[in-house]
Amino acid sequence: MRNLRPLRFALAITLALSVLLVNHAGADPVPVGFFGRGESPLVDLGSVDRAITPPDEFLGFPLGERPARHAQVVAYLEHLASQSPRIQVSPMGATYEGRALVYAVISSPDHMRRLDEIRSDVLRIADPRQLPKSDLDAVVERTPAVVWLAYSIHGDEISGVDAGIGVAYRLVAGTDTLTERLLRDLIIIIDPIENPDGRERYLAQMESFASAVPSTDGQSLQKEGFWPWGRGNHYLFDMNRDWFAQELIESQARIAAIVPWQPHVFVDAHEMGRYNTYLFSPPRAPFTPQLSMRMREWWDTFAGDQGRAFDRHGWAYYTREWNEEWYPGYGSSWPLFQGAVGILYEQAGVSGSRVARHDGTVLTYSESVAHQYVSSIANLETASSHREALLREYYAYRERAVEEFGGGPAKAFVIRPDANRDRLDHLAVTLQRQGVEVYVAGADFSMSAENYYHDPEATEDFPAGSMIIPADQPTGFLIQAILDFDLRMSDSVLAMERRELSKHRDSKLYEVTSWSMLQAYGLDAYRTRSAPGVDRSPWTVASPEGSLSGHQPLQGFAFSVESDRHLRAMAMLFARGITMYAARKDLDVEGRYLRRGAIFIPRRANPADYEETLAEVARATGVSMLAISSGKGVVGPDLGGGELGLLRQPHVAIVAAGPTSFTSMGALWHLLDQKLGVPSSLIDITRLGRTDLSVYSLLLLADSWGSYSG
């Protein structure tokens, strides 16, 4: 007999609900939405200019009641700029989805009138080679310190953005003594929303599960969201790991905006697990070797003031426990090696609503915004109190970088020229964007050097055109931190890690423990124990002009595949329906030598107007294509034989969703879509068994967080 207990239970629930519905017949439906209400996050606000529009009035809801959307954030900052001479909003760039990246510069009206002069002084302090010590006192006396406040690089860590709105309002509208002092001593730069695409994706998920009766369950979909959540950008990259690699246009735009300001304090506001409290710097060991001991003292100074600000409200917080300072590629880490005081915030996240916690308390969104807001004001106050010391020590740090070659074993990094010039240019631009000086050797030279793979040090010959990255420059500490071949942790840290692994089978290290920027580019790189004495000049990127070497050849056109641009050209040719062959062996035709893998585009197999298409692709990619009229190879294969294989356009699918790591999948997607220009299909793994895979020539499985078979 069928078990009727579940049916009886369901009927009972239905009847009970029916009674409730009858009793409330005719009542207006309760709208769904965010419910983060609590105290105003603008605590300790002080007196304000009533002519400046407060956030509540502009947004149409109390600040912290719900997360503000990207368009609202940008519009409000621009509105403040229309009302006050204290603030200027500047474009930084745009995301992959076309959303604006902006930053706001805030200071006293007098400072705002002479921003160019102030920035010139800041840049002189940042390069001791251009500012004699005899002139330092005068420059420091008239120069405000620069504090950069960056909010929510992870799209699902949302409270920082709304706190940034509150900080901007306080600084623009405040008439109290503290605000006046902050504006006198500082240039405050607010990066209000670091990851607009991720935030908008996440907020859309939260809205899709919003309830009329708010849930406080931290495990619910109303708090968790679903794959791929909002942490990453459009391509699901974790942008907080991209600060020196700069693969993303958002990262590139941000660094390009930061470096001209050379901030002396850099705040990076995040969120963490919802059952936690609030973490801020200082971090714990291990520390990157190039990190100065003085930085640890600065962390204690800022943390002391920040802790006292929290104590006044009785808020819980902690430092050090899990946040170490080893990898130099996080938002609070990369600035350390420029000379700034880098500070991390980690607020317990409630997804724009409220969460019941294990101790019986309920954390609201407005409270989480308040924590971020108070932290920023406290850090600004500390920076104001130590303006002169921050400027002087920034100068001293970068002076030591020049004198001590960045404190590492290499006096310079030298890279031999490569047929793939695109890789060298990409590396050079990536470093130059961070303020690193990159040079090209003007002549052949020889010197003792050690290669990237730790062969014994030996005398090496380097040709003219080699890349030279000297370490005796103001960014020397950054150079050593991101380019050195093998950074080593201290013995005490390794002993701690061994105990942790033996006792708890777990690691004390947070995440990234090794990186190899030069190796990632696949370059023939060396480090030298002395400074190269060869003549050199700044590295410049010259975009080659692609072309066809002839017109209407009898056989067709060919080109070697030596650089990244050749791969992009192939993708464009496939997209335009061009037939191509690849050589399995080296080709030598008409006195020209083409290495194995060269592409041959036969006249016979392509449309009559194919030459116009080739010319278009050559111009777009900078690839030069050789006109070939003879199909006879001198020693190598002839062009009509079996040593040339017909290429077929790839049809690529990437498995997504389920246990798939969205960062791993996103990296594959970005590589194909942005780097190579190859179209790809994203296939939900839960539908893989119902998908016709025969239409794809390649199926890519990204890393996963669990079993694909599960």
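The values are calculated or read from the model by the stated rules, or taken from the named source; none is laboratory data. Quick caveat: nothing in here was measured; it's all calculated off a predicted structure. Positions of Cβ are generated from backbone atoms using ideal geometry, with glycine treated the same way; all protein chains shown enter the neighbour counts. Areas reflect the complete protein model, heavy atoms only, side chains present, ligands, DNA and RNA absent. Shrake-Rupley method; radii C 1.70, N 1.55, O 1.52, S 1.80 Å.
How big is the dipole moment of segment 569-710 about its Cα centre under a simple scheme where the beta carbon of each Lys and Arg is +1, that of each Asp and Glu is -1, and everything else is neutral? Debye, nearest 20, please. Present the calculation step by step, with values, prior to reporting the outcome.
Details: 14 positive and 13 negative charges, 39 e Å.
About 180 debye.
Among DSSP beta bridges lying fully in segment 273-379, give the percent that are antiparallel, nearest 5.
Restricted to segment 273-379, the bridges split so that about 65 percent are antiparallel.
Counting pairs of alpha carbon atoms under 8 Å apart in space and at least six apart in sequence, what relative contact order in percent does the chain give? Let's see the in-between values first.
Numbers: 1396 pairs, mean separation 87.0, N = 710.
Relative CO of the chain lands at 12 percent.
For the chain, with all protein chains present and a 1.4 Å probe, just round the carbon and sulfur fraction of the accessible area to a whole percent.
Using a 1.4 Å probe with all protein chains present, the chain comes out at 51 percent carbon and sulfur.
I'd like to know which of 677, 651, 555 lies farthest towards the positive end of the charge dipole of segment 551-710, counting +1 on Cβ of Lys and Arg and -1 on Cβ of Asp and Glu.
Looking along the dipole axis, the top candidate is 555.
Over the C-alpha atoms of segment 462-552, what are the Rg and the largest Cα-to-Cα span, Dmax, in Å?
Cα radius of gyration and Dmax of segment 462-552 are 21.2, 74 Å respectively.
With runs of 4+ DSSP H residues as the only contributors, calculate the mean residue ellipticity of the chain at 222 nm using -39,500 (n - 2.57) per run, divided by the residue total and rounded to the nearest 500. Each step should come with its number before you reach the end.
Values: 21 runs with 244 residues, N = 710.
So the calculated ellipticity at 222 nm is -10500 deg cm²/dmol.
Have a look at 105, 253, 640 and report the one farthest towards the positive end of the charge dipole of the chain, computed about the Cα centre with Cβ charges (Lys/Arg +1, Asp/Glu -1).
640
What is the distance in Å between the Cα centroid of segment 308-356 and that of segment 44-103?
23
May I ask what percent, to the nearest 5, of DSSP beta bridges between residues of segment 209-363 are antiparallel?
30
Place +1 on the Cβ of every Lys and Arg and -1 on the Cβ of every Asp and Glu in segment 394-521, take the dipole about the Cα centre, and give the residue among 445, 407, 504 whose Cα lies farthest towards its positive end.
Selected residue: 504.
Determine the dipole magnitude for the chain: charges of +1 sit on the beta-carbon of Lys and Arg, -1 on that of Asp and Glu, nothing else is charged, the reference point is the Cα centre, and the result goes in debye to the nearest 20. Mind showing how you got there, number by number?
Values: 68 positive and 88 negative charges, 322 e Å.
Computed about the Cα centre, the dipole is about 1540 debye.
What figure, in Å² to the nearest 10, do you get for the accessible area of residue 385 with a 1.4 Å probe and non-protein molecules left out?
80
For residue 682, which sequence-distant residues (separation of 5 or more, or a different chain) have an amide H within less than 5 Å of its own amide H, given hydrogens modelled in the peptide plane?
Residues meeting the criterion, in which the H sits 1.01 Å from N, are 654.
Enter the accessible area per residue of segment 127-257 (Å², integer; probe 1.4 Å; all protein chains in place).
I get 28 Å² per residue for segment 127-257.
Restricting the count to DSSP beta bridges whose residues both fall in the chain, what percent are antiparallel, rounded to a multiple of 5?
Values: 55 of 86 bridges.
If I count the DSSP bridges inside the chain, around 65 percent turn out antiparallel.
Keeping all protein chains in position, work out how much accessible area residue 318 exposes to a 1.4 Å probe, and write it in Å² to the nearest 10.
The accessible area comes out at roughly 30 Å².
Using only the heavy atoms of the protein chains and a 1.4 Å probe, how would 586, 506 rank by accessible area, largest first?
Solvent-accessible surface, decreasing: 506, 586.
Between the alpha-carbon centers of segment 142-197 and segment 534-595, tell me the distance in whole angstrom.
Rounded to whole Å, the Cα centres lie 50 Å apart.
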